[in-house]
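Structure record follows, encoded as structure tokens.
The values are calculated or read from the model by the stated rules, or taken from the named source; none is laboratory data. Computed from a predicted model, the values in this text were never measured in an experiment. Counting neighbours? That spans all protein chains shown, and the Cβs are built from the backbone with ideal geometry, glycine included.
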Amino acid sequence: MSVLVVGSVNADLTVRATRIPGPGETVLGGDTRTSPGGKGANGAVAAALAGAQVSMIGAVGQDAFQDVALSGLRRAGVDLSGLLTLDAPTGLALITVSDAGENAITVASGANARLTPQHLSADLGGFTHLLLQQELPPKITLEAAKRASDAGLTVLLNAAPTRDTAPELLRLTGHLLVNEHELAALAGEGEVEDRARALLERGPGAVTVTLGGKGSLTVTAREMHRLPAHPVNAVDTTGAGDTFCGVLTARLAHGDTLEAALRWAGIAAALACTHPGAQDAMPTWEEVERASGH
């Protein structure tokens, strides 16, 4: 159950405020908290905590934020032999979290934006699954999907953040994961199931739409799963979607059925909302099992 993640590595700077400010508005917040993040690194940590052997390809800079950005990956035991240190700032995410637990995020990509297809490893032997997101330049994401597909890996793509997603990338994707905003960007408005099936026709083997407190919907050519959200008192939703993607990838690599993997991912994502932060809030596998009643 060996997973490769090609994605972003960031340090998160988070402040809690009564509400997320609107355009031109200043809102007083609490103290700033610094923690590891980045959609790629978040997914890698979640997959490792769920029991997978995980390797990461990404980049950081030579600056004060490097150690923060890598701390969660190191703690989770992710293989960082494919990680690069480039002449650029480490990526930063500036996060405001409201008292209602919602968040608004601005990402300064830094070293992540300097990655190119030439930075990819030529050898994908030993991996069964590749997890991708859209915080890296599109060229490296597409090339990683091509190489993984040619090598027989299952490609999972979290189409976040919202940006143009190449039709070829969708055709190479074994499992596409989107939230409601990303679904609208890719498939327009309408019923969730109809739009998910429309995306399915564009190439992915499966499409999962995460629906926050309403759970998730997954469609394939042969099956459909509507799973309710695991009930929790949400404190901070930062990283919940990344947790879902990482745990789903790990459990599919472990050999779980699609429905079982989705259930585990939903529980883990819900638990990640009960503490502040992204990687710092991700549950251990023992916590996920305990929450499931097993």
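Details
- Selection within segment 161-197 - among the polar types (S, T, N, Q), without any contact (Cβ under 8 Å) to a residue 60 or more places away in the chain and more than 27 Å from S121 (Cβ to Cβ): T162
- Scanning segment 275-294 for residues that are in contact with a helix residue (DSSP H, G or I) (Cβ under 7 Å, 6 or more places away or on another chain) and in a loop (DSSP other than H, G, I, E, B) turns up H275, A278, M282, P283, T284.
- Any hit, segment 211-227, residues being closer than 30 Å to L73 by Cβ and touching a Pro at 6+ places or on another chain (Cβ under 7 Å): yes
This table checks each residue for (1) touching a strand residue (DSSP E or B) at 6+ places or on another chain (Cβ under 8 Å); (2) of a type outside the set (A, V, I, L, M); (3) crowded, with 20+ Cβ neighbours inside 10 Å.
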position	(1), (2), (3)
V235	no, no, no
F244	yes, yes, yes
A261	no, no, yes
A270	no, no, yes
C273	no, yes, yes
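- Residue count for segment 1-45 under the criterion of being crowded, with 24+ Cβ neighbours inside 10 Å and over 15 Å from D79 (Cβ atoms): the result is 10.
- Any hit, segment 103-123, residues being of a type in the set (D, E), under 23 Å from L156 (Cα atoms) and more than 21 Å from the chain's Cα centre (by Cα): yes
- Selection from segment 170-192 of residues that are of a type in the set (D, E) and closer than 23 Å to G246 by Cα: E180, E182
- Qualifying positions in segment 227-266 - under 16 Å from the mean Cα position of the chain (by Cα) and either outside any helix (DSSP H, G or I) or farther than 19 Å from A206 by Cβ (or both): D236, T237, T238, G239, A240
- When G241 is tested against (1) over 27 Å from T128 (Cβ atoms); (2) out of contact with any His (no Cβ under 8 Å at 6 or more places or on another chain), exactly one condition is not met: (1).
- E286 surrounded by fewer than 16 Cβ atoms within 10 Å (Cβ to Cβ), out of contact with any His (no Cβ under 7 Å at 6 or more places or on another chain) and more than 26 Å from L73 (Cα to Cα): no
- Odd one out for V207, checked against (1) surrounded by 18 or more Cβ atoms within 10 Å (Cβ to Cβ); (2) touching a residue at least 40 places away in the same chain (Cβ under 8 Å): (2)
- Scanning segment 142-160 for residues that are in contact (Cβ under 8 Å) with a residue 40 or more places away in the chain and closer than 18 Å to V207 by Cβ yields T154, L156, L157, N158, A160.
- So G58, is it in contact (Cβ under 8 Å) with a residue 12 or more places away in the chain, outside any helix (DSSP H, G or I) and in contact with a strand residue (DSSP E or B) (Cβ under 8 Å, 6 or more places away or on another chain): yes
- Qualifying residue in segment 223-240 (condition: polar (S, T, N, Q) and closer than 18 Å to N158 by Cα): yes
- Restricted to segment 73-160, the set of strands (runs of 3 or more DSSP E) holding at least 2 residues that are β-branched (V, I, T) comprises 91-98, 103-108, 154-158.
- Among the candidates L183, L169, L217, residue that is out of contact with any Phe, Trp or Tyr (no Cβ under 8 Å at 6 or more places or on another chain), of a type in the set (A, V, I, L, M) and more than 26 Å from T106 (Cβ to Cβ): L217
- Of all residues in segment 1-44, those that are part of a strand (DSSP E or B), under 17 Å from D67 (Cβ atoms) and at pLDDT 95 or above total 3.
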